[in-house]
Amino acid sequence: MEQIPYKIYLNENEMPTAWYNVRADMKKKPAPLLNPGTGKPMTAEELGHVFCDELVRQELNDTDAYIPIPDEIRAFYKMYRPSPLVRAYCLEEKLQSPAKIYYKFEGNNTSGSHKLNSAIAQAYYAKKQGLRGVTTETGAGQWGTALSMACSYFDLDCLVYMVKVSYEQKPFRREVMRTYGAQVTPSPSNTTAIGRKILEEFPGTGGSLGCAISEAVEAATTREGYRYVLGSVLNQVLLHQSVIGLETKAALDKYGIKPDIIIGCAGGGSNLGGLISPFMGEVLRGEKNYRFIAVEPASCPSLTRGKYAYDFCDTGKVCPLAKMYTLGSGFIPAPNHAGGLRYHGMSSILSELYDQGLLEARSVVQTDVFRAAEAFARVEGILPAPESAHAIKVAIDEAQKCKETGEEKTIVFGLTGTGYFDMVAYEKFHNGEMGDYIPSDEELQKGFDKLPKLN
Ligand SMILES: *Cc1c(COP(=O)(O)O)cnc(C)c1O
């Protein structure tokens, strides 16, 4: 048999021409977004005040399996895609495992992660609608960085509300955003009513993602010609990220490889949703079988310990309600949590698939995650983002199991990005200053107690 190369590259012409919408193949669809005022499903018109029209159509579309990727977006994708599917020969050797391990590497662009795949799509549709700009929030800064690159490409204004602690502690991503022309505001700020209210209630707060979302939504809805964009969780984002899974499948098919286990880290669920979508489609249509594993931090365990319920997507409660596995919109991970993936909820699509038993979930503690990150970096060369290292950790665990049983399973995992801007977290790990924090049931109950009452 032909030797599988270290890197399976597709050529440009093999890049997908349409995104795959897994909702079309789901018999039981994900629950709709609800209007928090009326408790009724959000209409396209209501969503249109916040999001771009075409993105609203994609958000609500649960029938079309394929949605064409416009040529302008494909042209941008070609700057950094197709991304390589790497056979982890060196890691296999190191583990002495009979498992065959592959990873899809999404870190080969300046923003350093998969988030650019959706940022460019969202910026394109905003431009096409004739808008002046978009607003968003960013935590550590990956999404803001990706969006600022996409906006500068299409000459759109980009207003980013960056969680204040990150703004102060992570100046590098902030400066990358400003290099691409974004206006970056630390959140909470006094530029919005919700920001002023939060500052009054909690003076000196370092902010949170939920609070920055509220500010960004307010900034979009109170400005002429602006809309809000979000980098994860939403159906439209999973749709755009399906480019990851489609390329992975095309690369595997080229060599007749069938994966047994597909693994991804899960924050809001977009990279994992995108990676598994085409494979999940085969399962839903009864064509094939795979195991899918979502990996989340033990300190922010929305799938493994959360409730499947309607919840607010943001602290200010200005966004629609989404049915998802959630820890409650007030949940904020412990301050020592350094590994990202800190959103309180999970994509409605992944939540529904998990509820149907089609997706497994596992939680891991951060010292194990950084140990896996370091082991991976030392043999495969790539310095992984802490988020990505959650998937590495479980891929290694599964390969170890194969070693015990002698099974030659094929494992594919998503390597979502690089960790160059996360060296403070690596430093803590190296200095032995990193702790593991697992919230108690009582702590989680506080978040559940604040779930909206319509459940
Ligand atoms: C944002 C991010 C994630 C998590 O987001 P998802 O929407 O769950 O994919 C994972 N890895 C990297 C590198 C990220 O930047």
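Going by accessible surface with a 1.4 Å probe and the largest first, 81, 285, 378 read 378, 285, 81. Apply 1/(1 + (r/R0)^6) to the Cβ-Cβ distance of residue 255 and residue 200, taking R0 = 60 Å, and write down the FRET efficiency to the nearest 0.05. About 0.50, to the nearest 0.05. Let me test this: with uniform point scatterers at the alpha carbons of region 269-393, what is the Debye-based log₁₀ I(q)/I(0) at q = 0.09, 0.12, 0.15 1/Å? Evaluating at q = 0.09, 0.12, 0.15 Å⁻¹ gives log10 I(q)/I(0) of -0.28, -0.49, -0.75.
On region 1-88, 53 percent of the accessible area sits on carbon and sulfur atoms, based on a 1.4 Å probe. Note that region 214-222 has calculated 3J(HN,Hα) couplings of 4, 5, 5, 5, 4, 4, 6, 7, 9 Hz, one per residue in order, obtained from phi through the Karplus relation 6.51 cos²θ - 1.76 cosθ + 1.60 (θ = phi - 60°); glycine and proline are x. Kirkwood hydrodynamic radius, computed over distinct alpha-carbon pairs, for the chain: how many Å, to one decimal? Every distinct Cα pair counted, the radius reaches 21.9 Å. Find the centroid of the Cα atoms in region 155-233 and in region 337-361, then give the distance between the two in whole Å. Using only Cα atoms, the two centres lie 25 Å from each other. For region 16-103, the mean projected area of the C-alpha convex hull, equal to one quarter of the hull surface, is 9.8 nm². The mean of 1/r over all pairs of different alpha-carbon atoms in region 154-250, once inverted, gives a Kirkwood hydrodynamic radius of 15.0 Å.
Residues 49, 114 ordered from highest to lowest accessible area at a 1.4 Å probe: 49, 114. Computed about the Cα centre, the dipole magnitude for region 317-428 is approximately 340 debye when only Lys and Arg (+1) and Asp and Glu (-1) carry charge, each at its Cβ. Each label point was placed 7 Å from the Cα along the Cα-to-Cβ direction; for residue 175 and residue 6 their separation is 3.2 nm. Of all beta bridges DSSP finds with both residues in the chain, what is the antiparallel percent, to the nearest 5? Antiparallel bridges: around 35 percent, rounded to the nearest 5. Around the amide H of residue 310, modelled in the peptide plane, lie the amide H atoms of 324, all under 5 Å away and 5 or more residues distant in sequence or on another chain. Report in % the part of the accessible area of region 153-295 that belongs to carbon and sulfur, leaving out ligands and nucleic acids; probe 1.4 Å. Here carbon and sulfur together make up 48 percent of the probe-accessible area. Selection among 419, 228, 324 by position relative to the dipole of the chain gives 228 as farthest towards the positive end (Cβ unit charges, Cα centre).
What you get for the chain, charging only the Cβ of Lys and Arg (+1) and of Asp and Glu (-1), is a dipole of about 220 debye around the Cα centre. Lysine pairs in region 1-155 whose alpha-carbon atoms fall under 26 angstrom of each other, counting only those eight or more residues apart or on distinct chains, come to 17. Sorting the segments 365-374, 338-347, 268-277 by their mean number of nearby beta carbons within 10 angstrom, highest to lowest, gives 268-277, 338-347, 365-374. For region 332-455, the extents of the C-alpha atoms along the principal axes are 50, 37, 24 Å, listed from largest to smallest. In this structure, residue 378 and residue 424 have a Cβ-Cβ separation that, at R0 = 25 Å, corresponds to a calculated FRET efficiency of about 0.80.
Counting every pair of alpha carbons in region 289-346, the share spaced more than 19 Å apart comes to 32 percent. Backbone amide hydrogens, once placed in the peptide plane, bring residue 88 within less than 5 Å of 101, 102, 103, excluding anything fewer than 5 places away on its chain. Based on Cα contacts under 8 Å between residues 6+ apart, the chain shows a relative contact order of 19 percent.
Counting only the Cα atoms, region 380-430 fills a convex hull of 87 Å³ per residue.
Computed on the Cα trace of region 94-143, the radius of gyration divided by the Kirkwood hydrodynamic radius gives Rg/Rh = 1.23.
The values are calculated or read from the model by the stated rules, or taken from the named source; none is laboratory data. All of these numbers come straight from a predicted model, not from anything done at the bench. Neighbour counts are summed over all protein chains in view; Cβ atoms, including those assigned to glycine, are modelled from backbone coordinates with ideal geometry. Just the protein is used for accessible areas: all its heavy atoms, side chains included, with ligands, DNA and RNA removed. Shrake-Rupley method; radii C 1.70, N 1.55, O 1.52, S 1.80 Å.
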